[in-house]
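The values are calculated or read from the model by the stated rules, or taken from the named source; none is laboratory data. Since this is a predicted model, take the numbers as computed values, not measurements. Here the Cβ positions follow ideal geometry from the backbone for every residue, glycine too, while neighbour counts run over all protein chains shown.
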Amino acid sequence: MDLWYSEAHTKSVKFAIKVNKQLFSAQSEFQRIDIFESEEFGRFLTLDGLMMLTEKDEFIYHEMIVHVPMAVHPDVKKVLVIGAGDGGAIRELTRYKTIESIDFVEIDEMVVDVCKKYLPQTACAFDDERVHPYFQDGLKFIRKHIDEYDLIIVDSTDPFGPGEGLFTKEFYGNCYKALKQDGIMVNQHESPFYEEDAVAMKRAHKRIVESFAISRVYQAHIPTYPSGHWLFGFASKKYHPVRDLNADKWNALGLKTRYYNTNLHRGAFCLPNYVQEMLHDVE
């Protein structure tokens, strides 16, 4: 008998992957955590039944959430990552030798432990001496920090369950306060394609726009996320994501990537008309 993982993207649309075997399943204090193994996408992580990452396409998400702000800000020394229990964003950040400190806040320590065991492809940099883990609520953590970070990456789950507080006006306002005068915040911004996801995307964008002088949205294609069309938010006190891109400096680093490059960086901010119209409605 075939075993399939399926996720409802809408009431009438399902996404499915044939599963070879289930490697792990447990209920943590916060959510159900599952690891599956598949022929097409390798191992993949789900939380409360929702796809978080697969070994095959995780590089797209993690490269785009990290390298875009790193190619814009001229001198990132201290970074805060909220969420990211799978370790992919941490992995990409530790490739930059100029970063001095990475504070990492994850509410569910079991996610980190499970990913270390079953997803070493992403969870391979937690032991870097610059990484400082805090297993607590990101909303509570951020309240205590003022004018401290050059870059904040909000690598949250969907806007319900354990990650719900990371999509509020209070949270984004506190991120603004925690950033230095030229700081940047990047967040996963949901998908604009299906109606329920689009509503959550617009709500988050409206709240970010109310807090930051510069707020733009960029996109990537991630096959295993709802519709495949995924957005990220770029919010800054000073730097514009395209005009202040220092392509020559970033390219000189010689970082090998599979998705991100500085030409794609510029193009990622060129959004389809239907997305532009959605954003305009709430700006």
Selection over the range 22-47 where residues are under 18 Å from Q121 (Cα atoms), in a strand (DSSP E or B) and charged (D, E, K, R) yields a count of 3
Top-ranked residue in the range 1-22 [being of a type outside the set (V, I, T) and surrounded by 17 or more Cβ atoms within 10 Å (Cβ to Cβ); ranked as nearest to K117 (Cα to Cα)]
Y5
The range 83-108, subset touching a Ser or Thr at 6+ places or on another chain (Cβ under 8 Å) and modelled with pLDDT of 95 or more, residue farthest from Q27 (Cα to Cα)
I102
Within the range 262-275, is even one residue assigned to a strand (DSSP E or B), surrounded by 14 or more Cβ atoms within 10 Å (Cβ to Cβ), among the polar types (S, T, N, Q) and in contact (Cβ under 8 Å) with a residue 24 or more places away in the chain?
no
Of V72, V81, which residue is under 30 Å from Q22 (Cα atoms) and assigned by TED's automatic domain parsing to the domain that holds F135?
V81
Any pair with Cβ under 8 angstrom, 6 or more apart, that starts in the range 130-152 at a residue that is at positive phi and ends at one that is in a loop (DSSP other than H, G, I, E, B) and surrounded by fewer than 16 Cβ atoms within 10 Å (Cβ to Cβ)
none
Out of curiosity, is Y96 among the hydroxyl-bearing types (S, T, Y), surrounded by fewer than 21 Cβ atoms within 10 Å (Cβ to Cβ) and within 29 Å of L151 (Cβ to Cβ)?
yes
Just checking, how many residues over the range 55-67 are over 10 Å from the mean Cα position of the chain (by Cα) and crowded, with 23+ Cβ neighbours inside 10 Å?
2
Scanning the range 207-245 for residues that are modelled with pLDDT under 95 and small (G, A, S), the one surrounded by the most Cβ atoms within 10 Å (Cβ to Cβ) turns out to be S211
Residue list for the range 88-113, restricted to those being outside any helix (DSSP H, G or I) and either closer than 13 Å to P133 by Cβ or assigned by TED's automatic domain parsing to the domain that holds L45 (or both):
S101, I102, D103, F104, V105, E106, I107, D108
Hey, S101 hits all of (1) under 21 Å from L53 (Cβ atoms); (2) surrounded by fewer than 17 Cβ atoms within 10 Å (Cβ to Cβ) but one; which does it fall short on?
(1)
Cβ contacts < 9 Å: first residue within 19 Å of P241 (Cβ to Cβ) and aliphatic (A, V, I, L, M), restricted to the range 196-221; second residue modelled with pLDDT under 90 and surrounded by 20 or more Cβ atoms within 10 Å (Cβ to Cβ), any location; separation 6+ or different chain. Result?
A204/F167
